[in-house]
Amino acid sequence: MKNIWVVFKREVQAYFLTPLAYVFIFIFLILSMSLCFVFGRFLEGEDASLDYTFFQFHPWLFMVLGPAIGMRLWSEENREGTIELLLTMPISTWQAIIGKFLAACLVLVSALAMTFPVILTVNYLGDPDGGKIFSGYLGSLLVGSASIALTCLVSAFTRSQVICLVVSVVLCFFLVLIGSPQLLEFLRNIPATGLLETLRLAALEIADGFSLMSHGGRLFGGVLRLDTAVFFAAFISFCLYATSVVIRSKRA
Amino acid sequence: MIEVIRLSKQFGPKLAVDNISFSVAKGEVLGFLGPNGAGKSTTMRMITGFIPPTRGTVTVGGHDIQKAPIQAKAKIGYLPENAPLYSDMTVESFLRFTAELRGITGAAQKSAVNKAIEICFLEKVARQSLDTLSKGFRHRTCLAQSIVHDPEVLILDEPTDGLDPNQKQEVRNLIRRLGATKTVIFSTHILEEVEAVCSRAIIIDQGKVVADGTPDELKRRASRAGAVKVRIRGLAGSGILSELEKLPHAVSVETIESGDSLFVGRVFPKKSAIDGTLAGEIYQFAAGRQLQLQELAVDEGRLDEMFREITVQVRS
């Protein structure tokens, strides 16, 4: 636990003593707010909720911004050779992974915290459901953490941050896209019978079950389900565990 | 303190380290020599637990690096090759970070960091960011990191690489000083360093240990070790040559210069007589014939010569 804290502290310093975290927070705020007010029609909608106006865009933002925060986690260590220092310290690999992951998540939490004016606004204009806003933030945080965890895994493979960014964005894009309402709608409406019908249903289940968009969307809508919690816990744990496997096997 | 038993490392089809065994006791400074790509760094990385061995075991202070990595790593201070650092930190914050990872906190951390800074001559740059520092300072910061927790075992991969001659000398003095109470393994290509610092040296070539001994023992393995260089006047060169060849402990004589009344050459001793017996015989011979003995020098052997002979031998 102490070792996780030490690694976490150093990584947080690396984010906040350099422009990295501030650039990220700034871009996130600009994009999320402009999406909310322009495309989300927050003011015209006359609906005192944030799910379709605000949270709905977050998976698309985190698809790019999650990899942008996470891309340095291990690729930087690989490139600078500092991984050799870190892993010959008397700590376990998993402690280093979790410390780094949590530090990246802190940047995400800071960015989400800075969106508080939108809560004040919606409370001023109407009478929103507080529980729904809370679950929206939780969903947004989980979607963002999941994309950071996936990026963490990708970054363990490479010494190049650019490669890590591109590959992670593509993977995140895929995971968001397969759950987009349009694609699910398309899958639902394919006319099929027999074996094709079974395949169609399987594809629908997989697309819905693995998508960051579907699971995030439920939380944005205020629906807290066990399978959503299990999905995010399993997804993040899998990515972090796979990171340790990659780090270990790269040295063998 | 360190036990390396039948250690091997396979990278794909290449056997980088091939069945190496040795042990290092407390108070010993072991020099690791070998041509580039011989397997020095790979061996050190296995000892420090950075890469797992394909076969074999390493124990550090009684802890197996594979089975009890945390306990074993806690005893080791490690300077990796090229001295990697977190460039976004300052010297001081970097050392505090590594001290904290070693479990040193509070007032103990402050004094440990200050001591490491002092030992490695980093006072002037302590508050400077690492990416603004020159290579020598960066290297010494990484060295400071390896001694901040006063470890029992020091593993230094090319500790003097990239330093200027004065800094090299300082680091050598430091290693010698630390070696009195700790176990030190360091790698280098600089042979004079081995003579200056090590109590023992191991030469590795193509993943195998090809020589293991004190620097003096290794020097004596050079083909010229014990050879006597002479310069004698007073008789025709060819005459002196044939007389020298007849000496009881001489094996062969190499002519460097031969004239009407001059002979310069090198007399090689029998294996049993590398201690100076041969030089005595030559003196006796010259004195008996009333020849002028202008030079008489026993070659004590040179490490670089031995190194070249040994590593070329393995290759052929």
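Within region B:165-204, count every residue that is of a type in the set (D, E, K, R) and either in contact with a strand residue (DSSP E or B) (Cβ under 9 Å, 6 or more places away or on another chain) or modelled with pLDDT under 85 (or both).
Step one: list which residues in region B:165-204 are of a type in the set (D, E, K, R), which gives B:168, B:170, B:172, B:176-177, B:182, B:192-193, B:195, B:200.
Then drop every residue that is not either in contact with a strand residue (DSSP E or B) (Cβ under 9 Å, 6 or more places away or on another chain) or modelled with pLDDT under 85 (or both), which leaves B:176, B:182, B:192-193, B:195, B:200.
Qualifying residue count, region B:165-204: 6.
Just name the residue that is farthest from the other protein chains (Cβ to nearest Cβ) out of those in region A:71-108 that are under 24 Å from the mean Cα position of the chain (by Cα) and hydroxyl-bearing (Ser, Thr, Tyr). Give the steps one after another, and end with the answer.
Narrowing region A:71-108 to residues under 24 Å from the mean Cα position of the chain (by Cα): A:71-78, A:93-108.
Still in the list and also hydroxyl-bearing (Ser, Thr, Tyr): A:75, A:93.
Numbers: A:75: 14, A:93: 10 Å.
Once the filter is applied, the top-ranked residue is A:75.
Does residue B:80 count as under 15 Å from residue B:143 (Cα atoms), within 11 Å of chain A (Cβ to nearest Cβ) and surrounded by fewer than 22 Cβ atoms within 10 Å (Cβ to Cβ)? Reasoning before the result, please.
Working: under 15 Å from residue B:143 (Cα atoms): yes; within 11 Å of chain A (Cβ to nearest Cβ): yes; surrounded by fewer than 22 Cβ atoms within 10 Å (Cβ to Cβ): no.
Taking the combined requirement at face value, the residue does not satisfy it.
Scan region A:33-47 and tell me whether some residue there is assigned to a helix (DSSP H, G or I) and crowded, with 20+ Cβ neighbours inside 10 Å. Give the derivation first.
Residues of region A:33-47 assigned to a helix (DSSP H, G or I): A:33-39.
Now narrow it down to the ones that are crowded, with 20+ Cβ neighbours inside 10 Å: A:36.
Yes, region A:33-47 contains a residue that is assigned to a helix (DSSP H, G or I) and crowded, with 20+ Cβ neighbours inside 10 Å.
Could you please let me know if residue B:113 is without any contact (Cβ under 8 Å) to a residue 40 or more places away in the chain and either within 11 Å of chain A (Cβ to nearest Cβ) or more than 21 Å from residue A:89 (Cα to Cα) (or both)?
Against the criterion (without any contact (Cβ under 8 Å) to a residue 40 or more places away in the chain and either within 11 Å of chain A (Cβ to nearest Cβ) or more than 21 Å from residue A:89 (Cα to Cα) (or both)), residue B:113 does not qualify.
Counting residues that are among the polar types (S, T, N, Q) and within 19 Å of residue A:71 (Cβ to Cβ), which helices (runs of 4 or more DSSP H) fully inside region A:126-189 reach at least 3? Walk me through it before giving the result.
Numbers: elements: A:130-157, A:161-177, A:181-188.
Counting at least 3 such residues, we get A:130-157.
Got a sec? Which of A:242, A:229, A:252, A:234 is more than 30 Å from residue B:50 (Cα to Cα), of a type in the set (A, V, I, L, M) and out of contact with any Ser or Thr (no Cβ under 6 Å at 6 or more places or on another chain)?
A:229 is the lone residue from the list that is more than 30 Å from residue B:50 (Cα to Cα), of a type in the set (A, V, I, L, M) and out of contact with any Ser or Thr (no Cβ under 6 Å at 6 or more places or on another chain).
Hey, does region B:230-244 have a residue that's surrounded by 15 or more Cβ atoms within 10 Å (Cβ to Cβ), at pLDDT below 85 and of a type in the set (D, E, K, R)?
For region B:230-244, residues surrounded by 15 or more Cβ atoms within 10 Å (Cβ to Cβ), at pLDDT below 85 and of a type in the set (D, E, K, R): present.
Out of region A:156-185, which residues are surrounded by fewer than 12 Cβ atoms within 10 Å (Cβ to Cβ) and either more than 17 Å from residue A:58 (Cβ to Cβ) or among the basic types (Lys, Arg) (or both)?
Taking region A:156-185 as the starting set, the residues that turn out to be surrounded by fewer than 12 Cβ atoms within 10 Å (Cβ to Cβ) are A:162, A:181-182, A:185.
Residues satisfying the conditions are A:162, A:182, A:185.
Which residue, of B:98, B:105, is at pLDDT 95 or above and within 14 Å of another protein chain (Cβ to nearest Cβ)?
Values: B:105 fails: at pLDDT 95 or above.
Going through B:98, B:105 in turn, just one is at pLDDT 95 or above and within 14 Å of another protein chain (Cβ to nearest Cβ): B:98.
Among (1) touching a residue at least 60 places away in the same chain (Cβ under 8 Å); (2) out of contact with any helix residue (DSSP H, G or I) (no Cβ under 6 Å at 6 or more places or on another chain); (3) buried (at least 18 other Cβ atoms within 10 Å of the Cβ); (4) away from chain A (no Cβ under 14 Å), where does residue B:25 come up short?
Of everything listed in (1) touching a residue at least 60 places away in the same chain (Cβ under 8 Å); (2) out of contact with any helix residue (DSSP H, G or I) (no Cβ under 6 Å at 6 or more places or on another chain); (3) buried (at least 18 other Cβ atoms within 10 Å of the Cβ); (4) away from chain A (no Cβ under 14 Å), residue B:25 misses just condition (3).
Looking for whichever is more than 10 Å from chain A (Cβ to nearest Cβ), crowded, with 18+ Cβ neighbours inside 10 Å, in contact with a Lys or Arg (Cβ under 6 Å, 6 or more places away or on another chain) and not aromatic (Phe, Trp, Tyr) here; the options are B:42, B:141. Which one fits? Spell out how you get there, then give the answer.
Details: B:141 fails: in contact with a Lys or Arg (Cβ under 6 Å, 6 or more places away or on another chain).
One residue alone meets the criteria, B:42.
The values are calculated or read from the model by the stated rules, or taken from the named source; none is laboratory data. A quick note: this is a predicted structure, and the numbers were derived from the prediction, not measured. Note: ideal-geometry Cβ built from the backbone for every residue, glycine included; neighbour counts use all protein chains shown.
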